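Have a look at the structure below before the remarks.
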Amino acid sequence: MAAKVRTFPGGYVFHNLRGAIESGLAVTDAPFPARAVVPLAQGFGAEVPSLVGEGDTVAAGQIVGRDDASVSTPVHAPVSGRVQRVFKLAVAGGEITALEIKADGSREWQAVERRYGDPVNAAPDELAETLYLAGVTALGRKGIPTKFSSSPVGPEAVEALLVGAVHSEPYSLPNGVVLEPYFKEFVSGLRVLRRVFGGVRTIIGLDERDAALVPQLEAELSGDGVEVALVRAKFPAEYDEVLCETLLRRIVPDGQSALDVGALVVDVPTCLAAHEACVEGKPLIERLVALGGTGYSETAVVRARVGTPAKQLVEGRLVEPARVFAGGALAGHGVTDADEPITRTTWGLTALGEDTSRPMLAWMGPGFDYDSTSRAFVSGFLPPKRKRVDTNLSGELRPCIQCGYCAEVCPRDLLPYHLDKLLAVDAIDEAEEMRLFGCVECGLCSYVCVSKIPLMANIIKGKKHVIEEHEAERAELDRKQAEEEARRAAEAERGAQEGAA
Amino acid sequence: MRFLRKLVERQYPRFEKSRVLRPWLPLLEAVDSFLWRKSGNAREAPFFRDRIDIKRFMIVVVVGLAPATLAAFYFWGWRCVWLILISYLFGGATEVFFSVARKETVSEGFLVTGLLFPLTLPAATPWWVVALGVVFGCAIGKEIFGGTGYNVFNPALVARAFVYICFPVQVAATDVWEPNAANAGWPGGLARWSSATVEVDSVSSATPLAARKQWAKATDEATREALKKEIPSLRAMFLGNVRGSMGETSAVLLIAGGLFLIACRIASWRIVLAIVLSGAAYSAVMHYGAGLKVFAPPVFTLLSGGYMLGAFFMATDPVSGPGTKQAQWTYGILIGVAAVTIRSISGYAGGIMFAILLANVFAPLMDYIVMQQRYRRRKALA
């Protein structure tokens, strides 16, 4: 039994929030979508060119977008039917080409091409190709490396495989829903991944609350040399930079991912997808989606086809008023477009109640069910009680008073308030020196801010701004260089002409 | 309540239309948001937030000060309430004036400043000294730097230093409260307007710190004996039964309120512990080790003057103090050592105020050095 619970400095434990997904909740099937929206970039990777056009008939599981030259992973049609239109989909402030497929109602799917027998004894390259063709390699923050350029690094760079089976983010899928009921599939998927990477050092970072699973995991996997470590369920434990530091004691340099220091971080659904692809031959066209949060009348976990419009998936489940967020309420984005679908990487659609009420003298109230990093409310001194969660800021924007909470919770040891002040006066060189690019965008600094300053949003904007500045500088340098060369060439030509004359 | 709510809501169009009233919109907004929580919802990730806000942050500090404040009423009478009201009134007016001039919302910082400042003054202080002091503290100590969050010094201490230097006669903490006088025992000063009187230049009415200082300086044995009687017992100083400023005398209530702040994670325990330990250790070394009697013994140091008020409530002001852990330790040690030094060998009886103001200057530099080292180490690791 792994006794010691590993963790990292900083972070924040979200305790007992209302609307949480209970361990052991049964997975239900989401209604089959009448239409599917398929963005041509899902998960990690560049947008791929479409292989089909408007009016074409496609089968579920058929590859509809693929580009082996770019760093990308093929995209599949999640349902059988006809391509209605090719259009630009607005997602989280950006734009992306997408296909809309009108489903014919058939639930059949086309199996992924496979060229091996037993996955456990198959050639790693063949398994990797299957993962690539099934779309699994788009999972993970920087993709899963294969020789098909599904990730910026090659498969030989992977020195360790880390499984993030810890769920510290509010309203994410607990192991009791995603791991326990699919234990065999998880183990099989993990074996496939280990085979692909030649049996590299593998550590499962298991949620401390699921310590009961340790004997089962060890019995099944210790023969393979897989280590199991308990990890404190402190947000953002499952972020790959943080998990890498927790499990390997290896610090990921600023602006890089765990993959850059040789650690491939995958989650439990990725292992399940690897199993489905390599054992069942099923491409990644279906996934588990957590519907958690106070915005739902009842929380649920559904198995849904990729491409199902998010609004359709949550229809009839929300309490009014509520807002829906893709990819979590901490670092995700609001779902506004009616076309925005769930993708291969959408682990959940979190919905939160929208409280616009104006209670009297709320700041003097006791706060029996308030969540706070301080203990400024009675709830800080009482036994755990379900905490109220909604989108209200519960305060107004104020200048920073340097209370230091953001620095305390930052998992990367940054001083977010200081970065914010530097960025506010456009001191970008100083901000870079103060590790602007060390931020992993977990959102905790904004969460705890007493003055309600959107620290993470400002830091993300700052990063973009700095990158643009650097690009502009480089362009300016290139332009000057080109001018200089042109001038020299003209001079040389003139000299040659004079010489000729 | 609905009536009141409607009344306030109806004022908005009136304020916006009127040329005379429009500049005062920040005041209306301040009243509105003071009474009812604003309905602002998160537009940027994360989409749900910690429940704490500045108002809550400040009110917790006020609650932490409540025991000492109530004790002040008991020790000195109802005049304390009057002085605190004056402080809030003039401090608030200064804040509103600057908010209106800047067209910004009114900040909640003066909730704490407005209470802390009068607590550092004797109960017999003339009301106009309190008013002048708080206006100076808010305007020069805070607003000219850019308002809440940008001040270099603790505004309450700036105010205190101002009146300490400009009106030494009025704020010489020489009020008398005699435990055996008419107001002794329950209800104490609560039955009187003011139990404080000012006796200028009277040896018999010195505060513990001043008495001890005079005792240490006195050369002839008779004066020493007389002064020795003026130095109260440690027990009296612990409970607050001594002469001094309104809110400073009861160490036990200040410690209780301060520990509450630390439990609420509002005040930094590192700063407090560093000030207490360094002050005690330094006076122990000088008093017992070096045998210098101008330095008080450690327990006397901690219980006398504004040491506890300064350690728990002044030095822990996050704006004027450092943010990183290592800098907080350094900051606390600097305050402890400087306070004891100033008390013992300067012309002033109290030293914690100047010590904190001095450390405020160095707080940003301390943070800067810590961050530089931390990031250099990280770079070496990566």
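Hey, could you check the stretch A:351-363 for residues that are outside any loop (DSSP other than H, G, I, E, B) and facing another protein chain (nearest Cβ under 7 Å) and say which is surrounded by the most Cβ atoms within 10 Å (Cβ to Cβ)? Talk me through it step by step, then tell me what you get.
Of the residues in the stretch A:351-363, the ones outside any loop (DSSP other than H, G, I, E, B) are A:351-353, A:360, A:362-363.
From what is left, the residues that are facing another protein chain (nearest Cβ under 7 Å) are A:352, A:360, A:362-363.
Numbers: A:Leu352: 27, A:Met360: 12, A:Ala362: 21, A:Trp363: 22.
In this case the residue turns out to be A:Leu352.
Out of the stretch B:44-83, which residues are basic (Lys, Arg) and out of contact with any helix residue (DSSP H, G or I) (no Cβ under 8 Å at 6 or more places or on another chain)?
B:Arg51, B:Arg79
Tell me yes or no: at least one residue of the stretch B:94-113 is within 14 Å of chain A (Cβ to nearest Cβ), within 30 Å of A:Asp390 (Cα to Cα) and of a type in the set (Ser, Thr, Tyr).
Taking every residue of the stretch B:94-113 in turn, at least one turns out to be within 14 Å of chain A (Cβ to nearest Cβ), within 30 Å of A:Asp390 (Cα to Cα) and of a type in the set (Ser, Thr, Tyr).
Could you tell me whether B:Ile342 is within 22 Å of B:Leu358 (Cα to Cα), free of Cβ contacts under 8 Å to residues at least 24 places away in the same chain and hydrophobic (A, V, I, L, M, F, W, C)?
So B:Ile342 passes the test.
Picking from A:Leu221, A:Leu217, A:Leu193, which residue would you name as being surrounded by 24 or more Cβ atoms within 10 Å (Cβ to Cβ) and in a helix (DSSP H, G or I)? It would help to see each step written out before you state the result.
Details: A:Leu221 fails: surrounded by 24 or more Cβ atoms within 10 Å (Cβ to Cβ); A:Leu217 fails: surrounded by 24 or more Cβ atoms within 10 Å (Cβ to Cβ).
Within the list A:Leu221, A:Leu217, A:Leu193, the selection yields A:Leu193.
For the stretch A:275-318, what are the residues that are under 25 Å from A:Val120 (Cα atoms), in contact with a Lys or Arg (Cβ under 9 Å, 6 or more places away or on another chain) and part of a helix (DSSP H, G or I)?
Result: A:His275, A:Glu276, A:Ala277, A:Cys278.
Starting from residues that are buried (at least 18 other Cβ atoms within 10 Å of the Cβ) and outside any helix (DSSP H, G or I), keep the ones in the stretch A:255-274 and report whichever is farthest from the other protein chains (Cβ to nearest Cβ).
If we filter the stretch A:255-274 for residues that are buried (at least 18 other Cβ atoms within 10 Å of the Cβ), which is where we start, we get A:257-259, A:261, A:263-274.
Still in the running and outside any helix (DSSP H, G or I): A:257, A:263-267.
On the way: A:Ser257: 13, A:Ala263: 14, A:Leu264: 19, A:Val265: 18, A:Val266: 24, A:Asp267: 20 Å.
Going through the qualifying residues, I end up with A:Val266.
Exactly one condition in (1) crowded, with 23+ Cβ neighbours inside 10 Å; (2) away from chain B (no Cβ under 14 Å); (3) in a loop (DSSP other than H, G, I, E, B) is not met by A:Val252; state its number.
(2)
Please state which one of A:Tyr116, A:Tyr171, A:Tyr132 is assigned to a loop (DSSP other than H, G, I, E, B), within 21 Å of the chain's Cα centre (by Cα) and not hydrophobic (A, V, I, L, M, F, W, C). Outline the logic, then answer.
Details: A:Tyr116 fails: within 21 Å of the chain's Cα centre (by Cα); A:Tyr132 fails: assigned to a loop (DSSP other than H, G, I, E, B).
Sole residue among the options that is assigned to a loop (DSSP other than H, G, I, E, B), within 21 Å of the chain's Cα centre (by Cα) and not hydrophobic (A, V, I, L, M, F, W, C): A:Tyr171.
Identify all residues within the stretch A:319-329 that are outside any loop (DSSP other than H, G, I, E, B) and either at pLDDT 95 or above or within 9 Å of A:Leu352 (Cα to Cα) (or both); write none if there are none. Let's see the steps before the verdict.
Residues of the stretch A:319-329 that are outside any loop (DSSP other than H, G, I, E, B), as a first pass: A:322-326.
Once the filter is applied, which keeps residues that are outside any loop (DSSP other than H, G, I, E, B) and either at pLDDT 95 or above or within 9 Å of A:Leu352 (Cα to Cα) (or both), the stretch A:319-329 yields A:Ala322, A:Arg323, A:Val324, A:Phe325.
Identify, by number, the condition in (1) surrounded by fewer than 24 Cβ atoms within 10 Å (Cβ to Cβ); (2) in contact with a Leu (Cβ under 6 Å, 6 or more places away or on another chain); (3) more than 7 Å from every other protein chain (Cβ to nearest Cβ) that A:Pro416 doesn't meet.
(1)
Rundown of residues vs (1) more than 30 Å from B:Gly240 (Cα to Cα); (2) in a helix (DSSP H, G or I), yes/no style:
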residue: B:Ala101; (1), (2): yes, yes
residue: B:Val106; (1), (2): yes, no
residue: B:Val112; (1), (2): no, yes
residue: B:Phe117; (1), (2): no, yes
residue: B:Leu121; (1), (2): no, no
residue: B:Thr125; (1), (2): no, no
residue: B:Val129; (1), (2): no, yes
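A:Val409 versus (1) more than 21 Å from B:Thr148 (Cα to Cα); (2) more than 8 Å from chain B (Cβ to nearest Cβ); (3) without any contact (Cβ under 8 Å) to a residue 24 or more places away in the chain; (4) not hydroxyl-bearing (Ser, Thr, Tyr): which is the lone unmet condition?
Failing condition for A:Val409: (3).
Looking at A:Glu430, A:Glu441 in this structure, which one is at the interface with chain B (Cβ under 9 Å from one of its Cβ atoms) and either touching a helix residue (DSSP H, G or I) at 6+ places or on another chain (Cβ under 6 Å) or surrounded by fewer than 24 Cβ atoms within 10 Å (Cβ to Cβ) (or both)? Steps first, answer last, please.
Working: A:Glu430 fails: at the interface with chain B (Cβ under 9 Å from one of its Cβ atoms).
Checking each option against the conditions leaves just A:Glu441.
Among the residues of the stretch A:364-412, which ones are within 19 Å of B:Gly323 (Cα to Cα) and surrounded by fewer than 17 Cβ atoms within 10 Å (Cβ to Cβ)?
Within the stretch A:364-412, no residue meets the criteria.
Would you confirm whether any residue within the stretch B:65-80 is within 14 Å of chain A (Cβ to nearest Cβ), at pLDDT 90 or above, surrounded by fewer than 17 Cβ atoms within 10 Å (Cβ to Cβ) and assigned to a helix (DSSP H, G or I)?
Residues of the stretch B:65-80 that are within 14 Å of chain A (Cβ to nearest Cβ), as a first pass: B:66.
Narrowing further to those that are at pLDDT 90 or above: B:66.
From the residues that got through so far, the ones that are surrounded by fewer than 17 Cβ atoms within 10 Å (Cβ to Cβ) too are B:66.
Add one more test, that the residue is assigned to a helix (DSSP H, G or I), and what stays is B:66.
Yes.
What pairs can you find where one residue is in the stretch B:1-23 and touching a residue at least 12 places away in the same chain (Cβ under 8 Å), the other is of a type in the set (Asp, Glu) and surrounded by 11 or more Cβ atoms within 10 Å (Cβ to Cβ), and their Cβ atoms are less than 6 Å apart, with a gap of 6+ or different chains?
B:Val8/B:Asp32
Which condition from (1) exposed (fewer than 13 other Cβ atoms within 10 Å of the Cβ); (2) part of a loop (DSSP other than H, G, I, E, B); (3) modelled with pLDDT of 55 or more; (4) not charged (D, E, K, R) is the one that B:Ser195 breaks?
Here B:Ser195 clears every test but (1).
Scan the stretch B:107-135 for residues that are surrounded by 22 or more Cβ atoms within 10 Å (Cβ to Cβ), of a type in the set (A, V, I, L, M) and more than 16 Å from the chain's Cα centre (by Cα) and report the count.
1
Any chance you could count how many residues in the stretch A:87-113 are farther than 27 Å from A:Gly140 by Cα and in a strand (DSSP E or B)? Full working, then the answer.
In the first step, residues of the stretch A:87-113 are kept if they are farther than 27 Å from A:Gly140 by Cα; the result is A:102-108.
With the extra rule that they be in a strand (DSSP E or B), the set shrinks to A:102-103.
Of the residues in that region, 2 qualify.
So the check is Cβ under 6 Å with 6+ separation or different chains; which pairs have a first residue in the stretch B:316-339 that's within 23 Å of B:Val285 (Cα to Cα) and more than 14 Å from chain A (Cβ to nearest Cβ) and a second one that's among the hydrophobic types (A, V, I, L, M, F, W, C) and in a loop (DSSP other than H, G, I, E, B)?
Between residues of the stretch B:316-339 that are within 23 Å of B:Val285 (Cα to Cα) and more than 14 Å from chain A (Cβ to nearest Cβ) and residues that are among the hydrophobic types (A, V, I, L, M, F, W, C) and in a loop (DSSP other than H, G, I, E, B), the close pairs are B:Ile335/B:Ala315.
If I filter the stretch B:320-333 for residues that are touching a helix residue (DSSP H, G or I) at 6+ places or on another chain (Cβ under 9 Å), buried (at least 20 other Cβ atoms within 10 Å of the Cβ), within 21 Å of B:Met237 (Cα to Cα) and assigned by TED's automatic domain parsing to the domain that holds B:Ser233, do I get at least one hit?
no
Name the residues in the stretch A:429-448 that are over 16 Å from A:Phe235 (Cα atoms) and in a loop (DSSP other than H, G, I, E, B), would you? Can you show your working first?
Step one: list which residues in the stretch A:429-448 are over 16 Å from A:Phe235 (Cα atoms), which gives A:429-438.
If the condition is that a residue be over 16 Å from A:Phe235 (Cα atoms) and in a loop (DSSP other than H, G, I, E, B), then A:Met434, A:Arg435 are the ones that fit.
So is A:Leu139 touching a helix residue (DSSP H, G or I) at 6+ places or on another chain (Cβ under 8 Å) and within 17 Å of A:Val289 (Cα to Cα) or not? Steps first, answer last, please.
Details: touching a helix residue (DSSP H, G or I) at 6+ places or on another chain (Cβ under 8 Å): yes; within 17 Å of A:Val289 (Cα to Cα): yes.
Yes: the conditions hold for A:Leu139.
For the stretch B:216-244, which residues satisfy the criterion of being modelled with pLDDT of 85 or more and buried (at least 21 other Cβ atoms within 10 Å of the Cβ)?
Of everything in the stretch B:216-244, just one residue is modelled with pLDDT of 85 or more and buried (at least 21 other Cβ atoms within 10 Å of the Cβ), namely B:Met237.
Please determine, by comparing only the residues of the stretch B:15-39 that are touching a helix residue (DSSP H, G or I) at 6+ places or on another chain (Cβ under 7 Å) and in a loop (DSSP other than H, G, I, E, B), which one is farthest from the other protein chains (Cβ to nearest Cβ).
B:Leu21
Are any residues in the stretch B:40-60 facing chain A (nearest Cβ under 7 Å) and either of a type in the set (D, E, K, R) or in a helix (DSSP H, G or I) (or both), and if so, which ones?
Step one: of the stretch B:40-60, the residues facing chain A (nearest Cβ under 7 Å) are B:40-42, B:44-57, B:59-60.
Listed by number, the residues that qualify are B:Glu44, B:Arg49, B:Asp50, B:Arg51, B:Asp53, B:Ile54, B:Lys55, B:Arg56, B:Phe57, B:Ile59, B:Val60.
The values are calculated or read from the model by the stated rules, or taken from the named source; none is laboratory data. From a predicted model like this one, the values you see are computed outputs, not experimental measurements. Glycine also receives a Cβ, built like all others from the backbone with ideal geometry; neighbour counts cover every protein chain displayed.
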